[in-house]
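*Asks:* Sending over a structure as structure tokens; questions will come in a sec.
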Amino acid sequence: MESSYNKQVVLITGCTTGGIGHALARAFAAEKCVVVATSRSRSSMADLEEDSRFFLQELDVLSDESVQNVLSNVLHEFGRIDVLVNNAGVQFVGPLAEIPLSAIQATFNTNVYGTMRLIQAVVPHMASRKKGKIVNVGSVSVLAPPPWAGAYTASKAALHALTDSLRLELRPFGIDVINVVPGAIRSNLGNSAAASYSRMPEWKLYKQFNEAIRARAYFSQGAKSTPSEEFAKKTVAAVLKKNPPSWFSYGHYSTIMAIMYHLPLFVKDFILRKAMKC
Ligand SMILES: NC(=O)c1ccc[n+]([C@@H]2O[C@H](COP(=O)([O-])OP(=O)(O)OC[C@H]3O[C@@H](n4cnc5c(N)ncnc54)[C@H](OP(=O)(O)O)[C@@H]3O)[C@@H](O)[C@H]2O)c1
């Protein structure tokens, strides 16, 4: 491990190769940060193993024990965490009227409560130093919630709201809170959502929409999706600013979704019904 003296220590969740977290890890390292790259399994970020800029740790955001364990390892090794990036997340697709409630709960467990678990663990440490940055990775889907990914979008909407409240609540303690809002970024998100979709029961009312729903899993993974490296480079530049923005959105569809947000609901519904075959 390289000397961490004078370098920002950045902890990132969900750094599996091919995803945004992995690209963020590399982009922070390129800006001379010490990167604590974490994922559920160390083998999923094996390519970082030999690089002394990375401190690799297994971390499952669903487990208190795992979070506490990593935190104590990091504080023992570096004495601080300057930036926490809550990137780990799962996408889930399926019609809201029929998906098992357990699938909605699992989505919230990772995207919302997993993120809060990390924040509650790291804040006392950051507050004691009166310094730190917390980055939550939201989603542009919140700006115009489409059909077929309601559980995912609701979890990200909850996260956006928590992020806004946290920004105000943590300001007195010198902690910046940043909502990073990706557009469509190339990653493993489509494949993992399709894998969980294939475990769903056969729909009763929604059989005829099966292909449209399956396609929703890959909506962010089209030919024009933004490469995760490009997204990560822009995001890291924004986060490392002395005064980082409260909201940073970038990537394919980010502009169009920002416009959609302001449209009347009937126009929004019309566009989304056409796009999502609903
Ligand atoms: N790609 C996009 O277009 C897009 C758009 C908007 C928002 N986002 C958000 O960006 C973030 C990164 O997603 P991505 O696109 O890079 O997808 P991805 O490639 O599937 O990465 C998701 C990461 O989260 C990890 N993860 C899932 N459950 C976890 C848990 N319990 N504990 C720790 N890590 C866990 C995954 O680990 P495993 O490999 O072990 O499953 C993986 O490393 C997510 O929050 C996602 O919602 C992505």
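Each value in this text was obtained by applying a stated rule to the coordinates, not by laboratory testing. Predicted model, so just to flag it, every value in this text is computed and none were measured. Glycine gets a Cβ as well: all are built from the backbone with ideal geometry, and neighbour counts include every protein chain shown.
*Asks:* I'd like the full set of residues that are more than 14 Å from the ligand (Cβ to nearest atom), among the polar types (S, T, N, Q) and crowded, with 22+ Cβ neighbours inside 10 Å, limited to the stretch 122-147.
*Replies:* Listed by number, the list is empty, since nothing qualifies.
*Asks:* List the number of the failed condition for Arg40; all other conditions in (1) within 24 Å of His76 (Cβ to Cβ); (2) loosely packed, with under 15 Cβ neighbours inside 10 Å; (3) among the charged types (D, E, K, R) hold.
*Replies:* Here Arg40 clears every test but (2).
*Asks:* In addition: Specify the residue that is surrounded by the most Cβ atoms within 10 Å (Cβ to Cβ); the eligible residues are those in the stretch 94-120 that are among the aliphatic types (A, V, I, L, M) and without any contact (Cβ under 8 Å) to a residue 24 or more places away in the chain.
*Replies:* Here the answer is Ala106.
*Asks:* May I ask you to verify whether Asn179 is outside any helix (DSSP H, G or I), touching an Asp or Glu at 6+ places or on another chain (Cβ under 8 Å) and within 12 Å of the ligand (Cβ to nearest atom)?
*Replies:* Spelling it out, Asn179 is indeed outside any helix (DSSP H, G or I), touching an Asp or Glu at 6+ places or on another chain (Cβ under 8 Å) and within 12 Å of the ligand (Cβ to nearest atom).
*Asks:* Conditions first: (1) more than 16 Å from the ligand (Cβ to nearest atom); (2) assigned to a helix (DSSP H, G or I); (3) in contact with a helix residue (DSSP H, G or I) (Cβ under 9 Å, 6 or more places away or on another chain); (4) of a type in the set (A, V, I, L, M). Ala215 passes all but one, so which condition is the exception?
*Replies:* Against the list (1) more than 16 Å from the ligand (Cβ to nearest atom); (2) assigned to a helix (DSSP H, G or I); (3) in contact with a helix residue (DSSP H, G or I) (Cβ under 9 Å, 6 or more places away or on another chain); (4) of a type in the set (A, V, I, L, M), Ala215 comes up short only on (1).
*Asks:* Within the stretch 90-97, does at least one residue satisfy the condition of being away from the ligand (no atom under 16 Å from the Cβ) and part of a strand (DSSP E or B)?
*Replies:* No; the residues of the stretch 90-97 include none that is away from the ligand (no atom under 16 Å from the Cβ) and part of a strand (DSSP E or B).
*Asks:* Quick one: would you say Gly150 is buried (at least 19 other Cβ atoms within 10 Å of the Cβ) and on the phi > 0 side of the Ramachandran plot?
*Replies:* No; evaluated as a whole, the condition is false for this residue.
*Asks:* Suppose we filter Gly190, Gly150 for residues that are within 23 Å of Lys224 (Cα to Cα) and within 16 Å of the ligand (Cβ to nearest atom); which single one remains? Reasoning before the result, please.
*Replies:* Details: Gly150 fails: within 23 Å of Lys224 (Cα to Cα).
After applying the criteria, what remains is Gly190.
*Asks:* Additional query: Are there any pairs, at least 6 apart or on different chains, whose C-beta atoms fall under 7 Å, with the first in the stretch 21-36 and of a type in the set (Lys, Arg) and the second away from the ligand (no atom under 16 Å from the Cβ), and if so, which?
*Replies:* Lys32/Lys7
*Asks:* List every residue pair whose Cβ atoms lie under 6 Å apart, where the two residues are 6 or more positions apart in sequence or sit on different chains, the first residue falls within the stretch 121-135 and is touching a residue at least 24 places away in the same chain (Cβ under 8 Å), and the second residue, located anywhere, is exposed (fewer than 14 other Cβ atoms within 10 Å of the Cβ).
*Replies:* Here the result reads Lys130/Gly174; Lys131/Gly174, each pair linking the stretch 121-135 to a residue that is exposed (fewer than 14 other Cβ atoms within 10 Å of the Cβ).
*Asks:* A further question on this structure: What pairs come up if the first residue lies in the stretch 227-248 and is over 18 Å from Leu11 (Cα atoms) and touching a residue at least 12 places away in the same chain (Cβ under 8 Å), the second is in a helix (DSSP H, G or I) and hydroxyl-bearing (Ser, Thr, Tyr), and their beta carbons are under 7 Å apart, counting only those six or more places apart or on different chains?
*Replies:* Close Cβ pairs satisfying both conditions: Phe248/Thr235.
*Asks:* So, in the stretch 111-136, how many residues would count as being in contact with a helix residue (DSSP H, G or I) (Cβ under 8 Å, 6 or more places away or on another chain) and under 25 Å from Phe92 (Cα atoms)?
*Replies:* 10
*Asks:* Test of understanding: among Ala194, Ala238, Ala275, which residue is assigned to a helix (DSSP H, G or I) and more than 21 Å from the chain's Cα centre (by Cα)?
*Replies:* Ala275
*Asks:* Regarding the stretch 74-81, can at least one residue be identified that is within 12 Å of Leu11 (Cα to Cα), within 16 Å of the ligand (Cβ to nearest atom) and over 20 Å from the mean Cα position of the chain (by Cα)?
*Replies:* Looking through the stretch 74-81, at least one residue is within 12 Å of Leu11 (Cα to Cα), within 16 Å of the ligand (Cβ to nearest atom) and over 20 Å from the mean Cα position of the chain (by Cα).
*Asks:* May I pose another question? Quick check on the stretch 243-255: of everything there that is of a type outside the set (Ser, Thr, Tyr) and surrounded by 14 or more Cβ atoms within 10 Å (Cβ to Cβ), which residue is farthest from Gly150 (Cα to Cα)? Can you show your working first?
*Replies:* Within the stretch 243-255, the first condition is being of a type outside the set (Ser, Thr, Tyr), and the residues that meet it are 243-245, 247-248, 251-252.
Checking which are surrounded by 14 or more Cβ atoms within 10 Å (Cβ to Cβ) leaves us with 244, 247-248, 251-252.
Working: Pro244: 30, Trp247: 22, Phe248: 23, Gly251: 21, His252: 20 Å.
Checked the stretch 243-255; the qualifying residue farthest from Gly150 (Cα to Cα) is Pro244.
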